[in-house]
Each structure stands twice: as C-alpha cells, then as structure tokens.
Amino acid sequence: DAALLSVRGLEVTFPTRHGTLVAVDDISFDIAAGEILGVVGESGAGKSMTGNAVINLIEPPGRISAGEIRLAGERIDDLGSTALRRIRGRRIGMIFQDPLTSLNPLYSIGYQLAETIRAHLDLSAGQARERAVDLLDQVGIPDPAARLDAYPHQFSGGMRQRVVIALALCADPELVIADEPTTALDVSVQAQILTLLRRLCRERGTAVLLITHDMGVIAETADNVAVMYAGRLIEHGPATTVVQRPQHPYTVGLMGSIPRLDTEVDRLTQIPGSMPGLAAIPPGCAFHPRCPHAFGRCQRERPDLMPAESTRAACWLHAASGDRGPGPAVLRG
Ligand code: SF4
Ligand code: MG
C-alpha cells in the first residue's frame, strides 16, 4: 500500500561564505498510515532538519535544494506559504521537546485548544469546547472539563506534554512530527507519554515521524528506524531488528549508550570522538575517524545503503564479498 509520507532524495543545504553546507544529504524514506518511524542520531546529525524540511520550516538561507516530499501522494515540498499554513496543524501535527514552545502561558489550555480546533475545523465555540474536553480525556487528563480553564503552569511537565499531544491531534492530522517529545521529562513519565502517543496513533491511523537521540525511545516506540549520521541515512530497517541486531558500527555504538532507568549515564560514551561539523565532514565514510572497524576503503569511498542482514546499512563491511576492496584491516584508536 502507498506511503502516507514519502521522502525521496531530500537534500537541505546552507550557503555560506566558505561554500555550501549540506545538512541533509540525499535522504529517502516512507511512513505508512499508523506507522511510527523513528529518526535517531546524535545532535547535529540532521534529524530535526529532516523533520523541519517535511513541514518546510527550514530557516533561510537554508533551503530544500533537491528531492521530493509527498503527503498522501501530493507534492508538499514546493507549496507556497498559504498552502503550507493550511497543511501545518490541519494535516500535519507537531509536537516539540518543550511543551512551553507550543503552549502560551497567558491563555488557559481550553482556550488554546478551542482556538486551534476552530482554526482548522468548521465548528461552533461550543462544539470546539466539547472536542477539547474529549481530546483532553483521550490524552489522559483527569477530569478534563474542570481543567479547561487551567493555565499551562498549573500542570506538571508530563501533563503539559499530554496537552501538547491533544493540541497536535486537534484536527485529526494524517501525520504527526514529534521532535524529542519526551526529552525534557522524567524517565518514568517518558514511558507513559510514548505509550500514549503510540496508542493514539495506532487507533487513529496517524503516521508519526519521531525524532530522538535515544535508542531506548526507538526500542519502546518505533516500528521502523532511520539512523542518521552527518546528514546521511546510515541504517534503515524494522526497529526490533535494528535494536537487536544493529548492522552499522555507529548504530552498534548508539545501542551501547541506552541509558539505564536508574542511572544518569553520559550518552554515547561508547563511541569515541564526536559528530563532525557540517563544514568538516570526512571524506569516504563520514564515520571512519570514530569507527573501530575502519579499513582502507572507508577513507576513500562513501558507502550508500546496502542490504545488511534484515536491515540496510551504509557500511563497506556489508559490501558483497569481492566488492569490499583491500582489507578490512582493522584500524585502532
Ligand atoms: Fe566503519 Fe568503514 Fe563501515 Fe564506515 S564503512 S562504518 S568506517 S567499517
Ligand atoms: Mg534536534
């Protein structure tokens, strides 16, 4: 069946005085209705940029310089700002890390929900209020009718994020983009919010683009996963397979960095070094300076996604034998 969201060859570039920086480099993926695709990687990998490109919210002078984005078959990457405003909120809902970027502290949540509902749907004030109560109930706000007149600061962080989810689902969008939706929350609250998000999207057939730096979130929530590194997709496959048998050395490193519930660990301590800046992406495989398995070819030729067990990975270790070039001689350090 056809994908609800289809992204093909997406490229996002930023012109600078020193040349053009490529923030998202030739990315393709699909999300079906009711599916959660997790996009994971360290900060600076291009995850948020990919999500922002889908709703055409790239800050100028950055721009989508190549590729196509389709929602239910229609191109949306080349729409004008009026058409885009109609899509955002109505057909594509958005959830961000900090609930306070989505909620206005000066207005009651009932007012904000009703206003958003009426901006997208042709309903009376009374009907919008009823819908707001119903949505708050669906996201697990106790005694929702009595909470309509409460202000954002009167809710806990977790309850506020539930309100933000209600806001994102106001107009029954086909797609929700959730960028680090639980990062600001306590670990125990995170799990509840992710369970809620997954249940609501399953029930409604909503597709979700879930952006996170945390493989634990992927393991708990996503159907499929796209791992990003330095603007590229470097592993792509079913979430359970990628979590249990990651095929790209970077994904293996990410798996080693799942924080335990009871300890605050320094994430990604297992992978030495750090993500390169956009102006200094290494030639060949961009991961090679950090990769414990790098061999000669890795420094010269850039790998594309290739079949690797039941996922696809952009890594020369998975090249068909005979196509692997000299090596692999393992480099240390
Ligand atoms: Fe490591 Fe080479 Fe694979 Fe890149 S291509 S991840 S450097 S083994
Ligand atoms: Mg981000």
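Derivation of every value follows stated rules applied to the coordinates shown; laboratory data play no part. No experiment lies behind these values; they were computed from the predicted model shown. Ideal geometry is used to build each Cβ from the backbone, glycine not excepted, and the neighbour counts take in all protein chains shown.
Sort the chain into rounded, prolate or oblate with this rule: let a ≥ b ≥ c be the square roots of the eigenvalues of the Cα gyration tensor; rounded if a/c is under 1.5, and if a/c is not under 1.5, prolate when a/b is larger than b/c, oblate otherwise. Since a/c reaches 1.5 and a/b is larger than b/c, the shape of the chain is classed as prolate.
Estimated purely from DSSP H runs of n ≥ 4, each contributing -39500 (n - 2.57), the mean residue ellipticity at 222 nm for the chain is -9000 deg cm²/dmol once divided by its residues.
Positive-end ranking of T50, G93, H18 along the dipole of segment 14-95, with charges on Cβ about the Cα centre, is headed by G93. GNM on the chain, alpha-carbon springs under 10 angstrom: the most fluctuating residue among G34, G46, G62 is G62.
GNM remark for the chain: springs join alpha carbons under 10 Å apart, and the peak mean-square fluctuation among R204, R160, R312 falls on R204.
When the dipole is taken about the Cα centre of segment 99-170, and only Lys, Arg (+1) and Asp, Glu (-1) are charged at their Cβ, what size is it in debye, to the nearest 20? Could you put the intermediate results ahead of the total?
Working: 6 positive and 7 negative charges, 35 e Å.
Dipole magnitude for segment 99-170 comes out near 160 debye.
Comparing mean-square fluctuations of V164, V133, V176 from a GNM of the chain with C-alpha springs under 10 Å, the top value falls on V133.
Could you work out the relative contact order of the chain, using alpha carbon pairs under 8 angstrom and six or more residues apart, expressed as a whole percent? Mind showing how you got there, number by number?
Numbers: 662 pairs, mean separation 63.7, N = 333.
The normalised contact order for the chain reaches 19 percent.
Spin-label model, R245 to L21: label points 7 Å out along the Cα-to-beta-carbon direction sit 3.9 nm apart. When the chain is described by a simple charge dipole with +1 on each Lys and Arg Cβ and -1 on each Asp and Glu Cβ, the residue from I76, A313, A168 located farthest towards its positive end is A313.
Neighbour counting of Cβ atoms within 10 Å sorts the residues T240, T251, T82, fewest neighbours leading, into T82, T240, T251. Cβ crowding within 10 Å ranks I271, I211 as I271, I211, fewest other Cβ atoms first.
Compute the relative contact order of segment 99-170 as a whole-number percentage, counting only Cα pairs closer than 8 Å that sit 6 or more residues apart in sequence. Don't skip to the end; give the middle numbers.
Details: 84 pairs, mean separation 31.4, N = 72.
Here the relative contact order equals 44 percent.
For segment 80-119, rounded, prolate or oblate, judged on the Cα gyration tensor with a ≥ b ≥ c (square roots of eigenvalues), a/c < 1.5 rounded, else prolate if a/b > b/c? It is oblate, given that a/c is not under 1.5 and a/b is not larger than b/c.
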